[in-house]
Amino acid sequence: MAAKKKTWRITVAMQCKECGVTGYHTNINKATTGKLELQKYCKKDKKRTVHVSKKKLK
């Protein structure tokens, strides 16, 4: 039997704080990273806003 490999990296969606649109996906290390906040371009607002990691994707 093969051992199951542990993966510490997960894919999360980045959601805009102002309008709530999910436009970006990124990988984070779930063991060391908490909430991730990045300045990203929001297509709906047409400006750079703060995006927060919200939900885990498969």
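All of the numbers you see were taken from the coordinates with simple rules; none came from a lab. Values in this document were obtained by computation on a predicted structure and should not be read as measured data. Every residue, glycine among them, receives a Cβ derived from its backbone with ideal geometry; neighbour counts consider all protein chains shown.
Summary table below
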item	result
Cβ-Cβ FRET estimate between K55 and A2, R0 fixed at 30 Å, reported to 0.05	0.50
Where Rh is the Kirkwood radius over Cα pairs, Rg/Rh for segment 9-57	0.98
Taking the chain and dividing mean pair separation by its residue count, relative contact order in percent (alpha carbons under 8 Å, at least six apart)	39 percent
Where labels lie 7 Å past Cα in the beta-carbon direction, separation of D45 and T33 in nm	2.1 nm
Nonlocal Lys pairs with alpha-carbon distance under 16 Å, segment 9-57 (8 or more apart, or different chains)	15
Candidates per chymotrypsin sites (Phe, Trp or Tyr not before Pro) in the chain, loop by DSSP, up to 11 other Cβ within 10 Å	W8
